[in-house]
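Input: a single structure, listed below in structure tokens.
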Amino acid sequence: MATQIKSHSNTIIGAIAGDIIGSAYECDSPKSTSFKLLRPEATFTDDTVQTIAIADSLLNKKDFAKNLSEYGKNYPDRGYGKNFSEWIHTQSLLPYNSFGNGSAMRVSPVGFMYDNLEKVIKIAKQSAEVTHDHLEGIKGAQAIAAAVFLARIGKSKHDIKNFIIHTFVYDLDFTINSIRSTYTYDDSCQNTVPQAIVAFLESTDYENAIRLAISLGGDSDTLACMTGGIAAAYYKEIPAGIIDFASARLPAEFVNIINAFDLKINE
């Protein structure tokens, strides 16, 4: 745990910090943006493990399916869904037609890695379909990766919103306040990806984006993970205290991959 994330890191740590912060509030949201942000019991979940697996695959040209399976077995008991938990122990590693948000929560590295939107969308599909080959599972991953990419290259929130609406046919014409009181746990792409994107669109900075995502309740760690990836790409600044908080809760292997990924992106 001694290895530290570089203080200037603003790529995949955005999604990972969101996961860690949100883990303390999963199914126990204050339904408000006013809450203690950095709780001592916060920890990394399957969202982080799979994000690291995708980043490692991109950095080192590893097979997505094999690497996701390997990381899942190496870091058990991190809140994996039933289908994924069974999948990692199969020899065939065939996809299981899922439209769960697992494909979208792990995809932020794709949005940071490439400088071409078409390639981002193509690789996002490849990263999703090894498990989540349902059209909605693929679409969710592509939408988050595209939002990360567009945010990273400096597109406005207006442009990002319009692209997501017109390309992926998601309804983004609602506010977090308008759905907060009735929003409940849902781990599908259909009912978490739009909400995570709107939390980013309404935000004023990285921390505010995470607070908005968690304030919805439900699958708080995954909502904050998806929102956090986009917010890190857009704002390009994550408070050092949040990075240090996340770093202290990660295995050295993860921190080394995050640092290597940042180095690759910034070279």
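General observations
- For region 65-87 versus region 233-267, the gap between their alpha-carbon centres in whole angstrom: 22 Å
- In loop segments of region 59-122 as defined by DSSP, the trypsin sites (Lys or Arg not before Pro) with at most 13 further C-beta atoms inside 10 Å of their C-beta are Lys61.
- Based on alpha-carbon atoms, the Kirkwood radius and the radius of gyration of the chain give Rg/Rh equal to 0.92.
- Cα-based shape type of region 124-209, given that a ≥ b ≥ c are square roots of the gyration tensor eigenvalues and the cut on a/c is 1.5: oblate
- The share of alpha-carbon pairs in region 1-152 lying farther apart than 23 Å comes to 36%.
- For a straight C-alpha distance cut-off of 18 angstrom, the lysines reachable from Lys161 (same-chain residues fewer than eight places away being disregarded) are Lys139.
- Computed over the chain: relative contact order in percent, which uses C-alpha pairs under 8 Å that are six or more apart: 34 percent
- Rg and Dmax of region 5-44, Cα atoms only, in Å: 11.4, 32
- Computing Rg and the Kirkwood Rh from the Cα coordinates of region 1-70 gives a ratio, Rg/Rh, of 1.04.
- Three-way shape call for region 82-232 based on the alpha-carbon gyration tensor, with the a/c threshold at 1.5: oblate
- Separation of the alpha carbons by more than 18 angstrom is noted, of Lys62/Lys264; Lys66/Lys125; Lys61/Lys125; Lys122/Lys155, for Lys122/Lys155.
- Pair-distance profile P(r), taking every C-alpha pair of region 175-267, with 5 angstrom steps and integer %: 2, 14, 22, 22, 16, 14, 7, 3, 1, 0
- Dmax and Rg, reported as Rg then Dmax, of region 47-86 (C-alpha, Å): 9.7, 28
- Centre separation in Å (Cα based) which lies between region 5-51 and region 201-217: 12 Å
- For Gly100, distant residues with modelled amide H under 5 Å away: Cys189
- Semi-axis lengths (Å, descending) of the ellipsoid that matches the C-alpha gyration tensor of region 186-225: 16, 10, 7
- Diffusion coefficient, µm² s⁻¹, Stokes-Einstein with Kirkwood Rh over alpha-carbon pairs of region 67-114 at 37 °C and 0.692 mPa s: 276 µm²/s
Bear in mind that the values in this text are calculations on the coordinates, not laboratory data. Computed from a prediction, not measured in an experiment: that's the story for all the values here. Counting neighbours? That spans all protein chains shown, and the Cβs are built from the backbone with ideal geometry, glycine included.
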